[in-house]
Structures are given as structure tokens and as C-alpha cells.
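These notes are about the structure you will find just below.
The values are calculated or read from the model by the stated rules, or taken from the named source; none is laboratory data. All values reported here derive from a predicted model rather than from experimental measurement. Quick reminder, even Gly has a Cβ in these numbers, built from the backbone with ideal geometry, and neighbours come from all protein chains shown. With ligands, DNA and RNA removed, areas are computed over all heavy atoms of the protein, side chains included. Shrake-Rupley method; radii C 1.70, N 1.55, O 1.52, S 1.80 Å.
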Amino acid sequence: MRKRVIYCVLFAAGLVAVGSVGLLVLRRTEVSAESVLAGFDSAEGHRGLEIRYPIDGATFPPEIVAPTFRWEDSCPEANRWAIGVQLNGRTQRLSFWSDLREWKPSETAWRTIKKHSRQHPAEITVLGVNDRRAGIVLSASRVAIRTSGDEVGAPLFYREVHLPFIEAVTDPARHIRWRFGTVDSPKPPVVLEGLPSCANCHSFSADGSTMGMDVDYANDKASYVIAPVAEEMVLDGAKTITWNGYRPEDKQKTFGLLPQISPDGKYCICMVKDRSVFVDRPDLAFSQLFFPIRGILVYYDIEKRTFHSLPGADDPRYVQANPVWSPDGRHIVFARQKAYDLKHLRKTESSLLDADEAKEFLEEGKTFQYDLYRIEFNGGRGGELEPLEGASRNGMSNYFPKYSPDGKWIVFCQARSFMLLQPDSRLWIIPAAGGEARRLECNTGRMNSWHSWSPNSRWLVFSSKAFSPYTQLMLTHIDEEGRSSPPVLLEHFTASDKAANIPEFCNNRAGAIRQIRQTFVDDYNYYRAGYQAYQEGAYESAARNYRKAIEANPKYVEAYQGLGVALMSLDDPAGAEPQFRKVIELAPDFAEAHSNLGNVLARQGKFQEAIDPLRTSLKLKPDNASAHVVLGRVLEGLGRAQEGRAHLAEAARFNPLYAEARRHVERGDSSLEAGRVQEALDAYRQAVEASPDYVPALVRLAAVLAMSESDEVRNGGEATELAGKAARLTGFQDPYALAVLAAAYAEAGQFGDAVYMAQRAKQLAAAGGDGKLIQRIDEELALYQAAKPCRRPGRFLKQW
């Protein structure tokens with residue numbers, strides 16, 4: 001060890017001691033990798049190198065393509081690596097060089113490795129050297145791998161999705177695609193993409209002839225397509241059912257979560273009447289929390305086209321979720337727990353519950369754990385429930401059971417709490433009838449889930465985040481005793497910027513699916529996708545989908561309206577203007593279109609031109625509060641203050657939110673005048689929450705944040721955002737809004753912008769003949785020109 005350290009030091013200087021001759025400067029020595037490996041005995045004592053992949057003891061299927069071997073080397077002098085592969089009980093060796101910390105065998109070398117590692121493991125040795133004296137080993141590591149005699153023997157169907165997931169669901173046509181291929185393919189081809197709405201969980205019949213998949217068809221998230229597997233598959237309305245077809249008289253919408261086709265392809269079973277926690281998270285790797293807290297099991301008879309609940313698994317007092325069929329179709333295993341009513345639940349019919357409703361799980365530490373139960377299907381008559389031994393009543397959450405096709409085992413997920421995308425989820429195995437649970441050896445350190453058995457029951461594919469926040473697919477071999485090998489990464493199945501998930505084996509040939517086309521996407525689907533994206537704040541995605549809806553139907557009034565609103569949200573009033581004009585051309589009595597046209601004209605400073613469409617809107621809809629607000633601001637901007645205030649009063653009369661915001665503003669003004677700054681700040685925030693576009697509230701809140709004397713209160717960034725919004729809403733034509741925006745820029749340290757905006761405010765004040773305001777702006781301008789902020793937040797209140 002001491003000798004190696006000395007060499008490392010000398011190599012760092014570019015020198016090495018050679019016998020008694022002295023110090024010589026060395027150049028890169030062309031030494032064969034074989035000679036370096038031949039002179040090396042053991043990796044013992046060489047701790048600087050770690051082979052990260054493959055994992056020691058990994059078993060590869062015989063048909064898989066070559067993996068990339070990767071390692072880390074902490075010895076800074078190592079800049080070249082010799083790779084040795086010993087075969088046939090160390091009687092044969094292949095040797096290679098790599099100048100990188102990775103190496104991928106050629107097809108020829110990989111075939112040789114696989115051929116000779118079935119009876120005896122192949123030992124992979126990696127030696128770190130310096131290219132100036134390659135004969136001296138600086139670091140070393142060794143792993144052994146095997147090749148199984150069992151082929152995988154079936155292709156995988158899986159989804160690639162962009163992260164974070166919320167971005168994918170707001171623009172699925174761009175961010176979600178599906179691949180179908182075998183482990184011997186360099187890259188499984190994309191077979192389905194471009195859907196403007198989500199497609200999710202899927203399953204196949206035992207013979208691989210029938211596929212079922214969640215789709216979002218005709219704005220029905222409970223839609224499910226059941227189609228024969230073919231090279232050219234077509235998804236259309238004739239092949240689609242809706243889980244809302246079960247007891248529609250209940251008028252309770254459902255998502256229909258985690259459905260499964262029966263092995264014989266005659267039935268499909270699903271959780272319906274569901275409610276689930278669904279919360280977006282900022283974590284890239286674990287960007288959502290999603291688990292059901294209510295739901296019953298319902299099956300669909302494909303031939304008869306009828307829905308039925310499954311007796312014994314349809315108790316509304318419990319949540320009964322993610323059902324799976326036994327290979328013979330006689331039993332169903334599913335996750336079960338008492339149904340739960342959230343303390344913060346709002347009175348809503350939504351199936352998905354948001355972060356505010358789920359506070360007790362997100363903030364208060366409440367857990368939600370499932371047990372696995374088994375029930376006879378019995379031709380749809382159900383039977384007695386029995387907890388599955390080894391996967392229930394263990395103080396953990398047990399979910400995602402999957403039978404091996406030979407009917408011998410069940411592999412399931414276990415985590416401390418919840419379901420779906422849990423960082424601590426691990427794979428466990430039990431006998432199919434229940435029994436002692438064993439944690440599988442293949443588990444990685446971070447998330448193990450979404451698993452599927454190969455048709456021959458010898459391989460298990462699963463998803464993991466062990467190596468990346470983007471979910472990757474892993475493969476493990478399962479022997480007769482239910483023991484698993486260290487996982488093999490299906491690296492060729494995964495794009496570097498996409499998560500690969502929901503893998504499912506299809507018992508069919510490699511090219512059984514080459515393309516999946518849909519024919520149920522029409523102008524309405526694009527419109528609905530645009531609406532959904534807009535609701536999520538993804539305005540660019542919304543605009544793209546609205547434009548596609550218009551391409552499909554050039555007379556789609558609502559799509560033009562949606563596009564205009566999306567462009568307004570993108571601060572593009574000039575682009576929004578022709579959209580609203582088109583709406584008015586197609587539907588002259590569309591009051592909101594006239595109001596929006598007036599709004600975008602005002603935002604462009606075309607105050608006089610904005611009056612007519614605003615008055616037309618109010619003629620068509622006199623109680624249009626937003627039109628009253630915009631018209632009031634327009635008239636004030638034109639110097640017709642009394643007429644403008646009358647419209648603002650009408651807005652408050654017709655829209656309680658404006659009235660509420662106005663009350664909060666008045667309370668805030670009183671607090672500010674009395675010196676109670678924090679109370680004023682709270683009141684103005686409540687006003688903005690009540691009515692986000694209420695300009696007086698935006699200006700006041702921005703003024704306090706920009707000009708307060710308290711360091712704890714001021715926030716130049718937020719003030720700039722709020723005042724900027726007020727300026728845009730008034731078309732940059734209101735001197736008070738611009739004066740506060742100037743103060744916000746100054747607080748943010750942007751004094752050049754502050755000077756420009758204050759000068760603009762002064763010009764508008766001069767045009768309106770407001771001498772008092774001009775004097776005040778001059779005082780502020782002098783401060784900004786001296787690179788000083790303003791500290792008088794109440795100076796503009798009386799003007800509002």
C-alpha cells in the first residue's frame with residue numbers, strides 16, 4: 001500500500017523512480033491491457049475503484065444486448081483503465097483498454113461473454129493506471145456476472161414520460177409516448193405518441209391477444225379502451241367503455257383506477273366510485289403523491305357489455321384498490337383499507353383531492369396503509385374475503401400484487417405508507433396462497449415498483465430510481481425457490497430525459513405491436529387538453545392545443561376564445577386581439593368576447609377604441625363585473641373619473657368578490673394610516689386573494705412591499721411582480737400604478753428601470769393635469785436618480 005501511495009505522488013509530478021538511474025520524465029507507454037492484467041493478482045488492498053454497474057452477482061438473460069460497465073475511481077492519477085474478463089473458470093481471458101470510466105463490449109465480445117458465463121460466472125476486473133506508466137496498478141475492483149439459461153421470451157410495453165409529471169399531464173402530446181420491444185432490441189420503437197390527453201395503466205390477457213388501457217376520451221377520465229393486439233392497432237370509440245357506466249344514476253364521477261383484463265380476456269375488473277389524494281410536489285424524482293382513500297371493485301363483462309360490482313369487494317366503508325387476477329382467473333387479490341374522510345375535505349364532487357384537502361397527510365403526519373386481501377371471482381358472484389398472510393396486518397402499506405404466470409408466487413410492494421411512487425417501496429414475495437414474506441434480493445436503494453412477470457415466470461421487470469431521478473427499468477431473474485438476482489438495468493429502454501414506467505410483459509412475439517393509432521381525438525379533445533393545461537397554468541401548452549383545435553375546426557368559437565385568454569395570460573394582448581375579433585365574427589352575441597376585446601385593447605393603450613366593445617359586452621350582459629371594472633379603469637384613464645367610479649361600483653355590486661376585495665382594501669388603508677403596517681399588509685393580501693385582478697389591491701400591496709420602512713416587510717421581487725401585473729391590467733396607462741412599479745424597481749435595485757417608469761408616470765400625470773401627483777413623482781424620481789429607494793408606502797392611497 002505504501003509503495004502505491006509513493007507512485008501516486010510521483011505520477012502527480014509527472015516523474016517516477018526507475019531503479020537506481022534516477023528520475024525520468026515519462027510519456028504514455030503503449031502497454032497491452034493483457035500484460036497489465038497478467039501481472040495483477042488481487043484487488044485486495046486497492047480500494048480506490050468501485051464498479052457501480054453491473055452489480056456483483058447480476059444475472060443477465062441470454063438474449064439481452066450488451067450493457068455499459070461503469071465505475072468510479074477516487075485515485076486522481078488514474079486516467080486509463082484495463083478491463084479483463086475471465087471465463088470458463090479463469091481458463092480464458094479477454095482484455096480491453098478504456099480511457100473513460102465506462103466500457104461497453106462489442107457485439108462479438110458480448111456474445112462470447114454470454115456464451116461462456118452460463119456454467120461459470122464471468123469475472124470482470126477493472127484496473128486503474130496512469131498512461132505514463134501503465135504497468136503500475138493504482139486502483140482495482142472486480143465483480144462476477146452470470147448468464148441465465150432462461151430467456152425472457154416476451155416483449156415489454158411501457159411508457160416514457162417527462163418529469164415533473166404535472167408538466168407531462170398538461171401537455172401529454174409532447175411529453176408522453178409508449179414503446180414496445182424486446183430486451184435484444186437496441187432501442188424499443190415508439191408505437192404510440194401524440195395523444196393530447198393522458199393514457200395510463202394497461203394490461204394484457206394471458207395469451208397476449210387483448211390489451212386494455214386507460215384513456216381520456218371525450219373528457220371522460222374513466223374511459224378504458226379494450227382492443228385486440230395487432231401490428232397496426234386502432235383505438236376508437238367503438239372499442240372504448242367508461243367506468244362511469246356502472247350505476248350512472250348515482251351521478252358520481254369516477255376515474256376507474258388500475259383496471260386489469262382477466263387472463264381469458266372475458267372480463268375486466270377495476271376500482272370505481274373512487275376518491276384519491278392527488279398532490280403535485282416540487283421534487284423532480286417524486287413529483288406527485290397519489291393514492292386512493294375510497295373505491296369499490298366493479299367488473300365489466302366484455303361479451304355482454306355489462307357492469308357489475310363484485311360482492312365482497314364492493315363495501316363503500318372500505319377502499320378496495322388495484323385488483324389482479326390469479327392465472328386461472330379464479331381469485332382476485334387487491335389492496336384494502338377502511339375508507340377515509342378527510343378533515344379538510346371541501347364540499348366537492350371531484351375524484352382528486354388537492355394539497356389543502358390532504359393537509360393531514362402532507363403536514364400532520366397521518367399515514368394510510370393497505371393490506372392485501374384475496375377473494376374468489378366465482379363467475380362474478382364473489383365470495384368471502386381473506387387477508388393474505390405475509391402481506392397484511394404487518395404495520396406497513398402493502399399494494400401492487402402480481403401473480404407469477406405459473407401460479408406459484410405473488411410479488412407485491414411494501415412501503416411505510418400510501419401507494420404509488422414511494423421512495424421506500426420495496427418488492428416482497430410470498431407463496432400465491434399466502435405465507436412467509438421474503439424481501440427480494442433485487443431491491444435497489446430508492447423506489448422499487450411497477451413490476452411485471454415474464455410469461456415463463458423466470459423474470460421480473462420493475463421500475464426504480466436507484467441511478468437517476470428519472471425512473472428506469474430493471475430486470476431480475478427469479479429461480480424455482482423464489483430467489484432473485486441483483487438487478488440488471490435495461491439502459492437501452494430508457495431515455496436520459498424521460499422516466500420509464502408502467503412496464504408490462506405481453507405474451508406475444510417481438511413485432512406484435514408496431515403502431516397504435518387513435519381515431520377518437522378530434523377538435524374537442526384538443527380544446528379540452530388546452531383547457532386543462534390552462535387550468536394548470538401551462539399557458540403555452542394551452543395555446544398550442546387551442547390552435548390544434550382550430551386547425552381541426554376553423555369555426556370552433558370556444559377554441560378561439562380559449563386561445564385569446566391563453567395569449568392574454570402570456571402577456572400578448574396584440575396576439576389575443578384577433579382571436580377575440582374572430583369570436584365576435586362567428587358569435588356576435590358572445591358577451592365575454594366583447595369584454596375580452598375591450599380588455600386587450602386597453603392593455604395596448606387603445607383606451608378610446610376599447611370603450612365600444614366594453615359597452616357592447618355590458619349591453620349583452622349587464623351584470624358582467626369584469627367588463628365594468630375594465631371600462632371603469634378605461635374611463636378613469638381618459639380623465640372621466642366620475643363615470644369610471646360608477647362602473648367600479650357596479651362591479652362590486654354584481655360580483656361579491658370585488659366587494660369583498662374593496663372591504664379588505666378599506667380596512668388595509670385604515671390600518672396603514674394608523675401605522676399598523678402588518679395588519680395593512682394582511683388586509684391587502686386578502687383583497688388580492690379575493691380578487692386577483694383588483695388593481696387597487698395590487699397597487700397597495702406592492703406599495704407596502706416596496707416602500708415600507710421595515711426591512712422584514714419589504715420584498716422588491718414580489719412588489720415588482722404585483723405592480724407589474726397592475727400596470728399590465730391598466731395598459732401601462734395609469735400613472736399611479738406606474739409610480740408604484742417604479743418604487744418596486746428601486747427596492748429591487750433596478751434604478752434605471754425605476755427612473756424610466758417614474759418618468760412615464762409623470763408624463764401620464766401631466767397629460768391628466770394632476771399637479772399634486774407630478775410633484776410627488778418628482779420627489780421619487782430624484783431619489784431613484786440618486787440610486788436611493790422610497791420609504792413612504794401610503795403616499796398614493798388617496799388617489800385610489
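Kindly provide the set of residues from the stretch 348-381 that are over 27 Å from the mean Cα position of the chain (by Cα) and open to solvent by 60 Å² or more (accessible area, probe 1.4 Å), ordered by number. Matches in the stretch 348-381: GLU376, ASN378, ARG381.
Every residue, every condition in (1) assigned to a loop (DSSP other than H, G, I, E, B); (2) touching a helix residue (DSSP H, G or I) at 6+ places or on another chain (Cβ under 9 Å), yes or no:
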| residue | (1), (2) |
| --- | --- |
| MET211 | no, no |
| ASP214 | no, no |
| ALA227 | no, yes |
| LYS253 | yes, yes |
| PRO259 | no, yes |
| LYS273 | no, yes |
| TYR299 | no, yes |
| PHE307 | no, yes |
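If you go through the stretch 699-712 one residue at a time, do you hit one that is among the basic types (Lys, Arg) and either open to solvent by less than 70 Å² (accessible area, probe 1.4 Å) or modelled with pLDDT under 85 (or both)? Yes. Annotation: HIS120 fulfils all but one of (1) within 18 Å of HIS477 (Cβ to Cβ); (2) under 43 Å from the mean Cα position of the chain (by Cα); the unmet one is (2). Count of the stretch 61-111 residues, restricted to those that are out of contact with any Phe, Trp or Tyr (no Cβ under 7 Å at 6 or more places or on another chain), part of a loop (DSSP other than H, G, I, E, B) and acidic (Asp, Glu), is 2. Within the stretch 383-402, residues that are among the acidic types (Asp, Glu) have Cβ atoms under 7 Å from residues that are assigned to a strand (DSSP E or B) in these pairs: GLU386/TYR373; GLU386/ARG374, counting only partners at least 6 apart in sequence or on another chain. When the test is whether a residue is among the β-branched types (Val, Ile, Thr), in a helix (DSSP H, G or I) and touching a residue at least 40 places away in the same chain (Cβ under 8 Å), VAL629 passes it. Count of the stretch 498-537 residues, restricted to those that are assigned to a loop (DSSP other than H, G, I, E, B) and modelled with pLDDT of 80 or more, is 10. Quick one: which residue in ALA719, ALA726, ALA787, ALA743 is at pLDDT 90 or above and touching a Leu at 6+ places or on another chain (Cβ under 8 Å)? None of the others qualify; the one that does is ALA719.
If we keep just the residues of the stretch 659-671 that are among the small types (Gly, Ala, Ser) and open to solvent by less than 30 Å² (accessible area, probe 1.4 Å), which is nearest to the chain's Cα centre (by Cα)? Result: ALA661.
For THR240, the conditions (1) open to solvent by 30 Å² or more (accessible area, probe 1.4 Å); (2) of a type in the set (Ser, Thr, Tyr); (3) under 30 Å from ALA533 (Cα atoms) are fulfilled apart from (1). Just one of (1) surrounded by 15 or more Cβ atoms within 10 Å (Cβ to Cβ); (2) part of a loop (DSSP other than H, G, I, E, B) fails for ALA335. It is (2). The set of residues from the stretch 292-303 being open to solvent by 30 Å² or more (accessible area, probe 1.4 Å) and closer than 15 Å to SER262 by Cα comprises ILE302, GLU303.
Looking only at residues in the stretch 157-202 that are in contact with a Phe, Trp or Tyr (Cβ under 9 Å, 6 or more places away or on another chain), under 23 Å from PRO263 (Cβ atoms) and modelled with pLDDT of 75 or more, the one that is surrounded by the most Cβ atoms within 10 Å (Cβ to Cβ) is PHE157. Considering TYR373, TYR399, the condition of being modelled with pLDDT of 95 or more and farther than 25 Å from PRO423 by Cβ is satisfied by TYR373 alone.
Taking the stretch 146-167 as the region of interest, how many residues are in contact with a helix residue (DSSP H, G or I) (Cβ under 8 Å, 6 or more places away or on another chain) and in a strand (DSSP E or B)? Going through the stretch 146-167 one residue at a time, the tally reaches 4. Is it the case that the stretch 600-609 has a residue that's of a type in the set (D, E, K, R) and open to solvent by less than 60 Å² (accessible area, probe 1.4 Å)? Scanning the stretch 600-609, I find at least one residue that is of a type in the set (D, E, K, R) and open to solvent by less than 60 Å² (accessible area, probe 1.4 Å), so the answer is yes.
Being open to solvent by less than 50 Å² (accessible area, probe 1.4 Å), free of Cβ contacts under 8 Å to residues at least 24 places away in the same chain and closer than 21 Å to GLY644 by Cβ, is that true of even one residue in the stretch 760-773? Looking for residues that are open to solvent by less than 50 Å² (accessible area, probe 1.4 Å), free of Cβ contacts under 8 Å to residues at least 24 places away in the same chain and closer than 21 Å to GLY644 by Cβ, one finds at least one in the stretch 760-773, hence yes. Only a single item in (1) surrounded by fewer than 24 Cβ atoms within 10 Å (Cβ to Cβ); (2) over 20 Å from PRO692 (Cα atoms); (3) hydroxyl-bearing (Ser, Thr, Tyr) is not met by TYR534, and it is number (2). Taking the stretch 549-583 as the range and being of a type in the set (Asp, Glu) and open to solvent by 30 Å² or more (accessible area, probe 1.4 Å) as the test, the residues that pass are GLU551, GLU558, ASP571, ASP572. If you go through the stretch 230-251 and keep only what is assigned to a loop (DSSP other than H, G, I, E, B), within 30 Å of ASP207 (Cβ to Cβ) and at pLDDT below 85, you end up with just ASP236. So is TYR546 open to solvent by 20 Å² or more (accessible area, probe 1.4 Å), farther than 28 Å from LYS104 by Cβ and in contact with a helix residue (DSSP H, G or I) (Cβ under 7 Å, 6 or more places away or on another chain) or not? In short, no.
Being part of a helix (DSSP H, G or I), under 25 Å from GLU577 (Cα atoms) and open to solvent by less than 50 Å² (accessible area, probe 1.4 Å), is that true of even one residue in the stretch 648-658? Checked against the condition, which is being part of a helix (DSSP H, G or I), under 25 Å from GLU577 (Cα atoms) and open to solvent by less than 50 Å² (accessible area, probe 1.4 Å), the stretch 648-658 yields at least one hit. Considering only the stretch 312-323, state which residues are within 19 Å of PHE418 (Cβ to Cβ) and of a type outside the set (Gly, Ala, Ser). TYR318, VAL319, GLN320, ASN322, PRO323 - these are the residues of the stretch 312-323 that are within 19 Å of PHE418 (Cβ to Cβ) and of a type outside the set (Gly, Ala, Ser).
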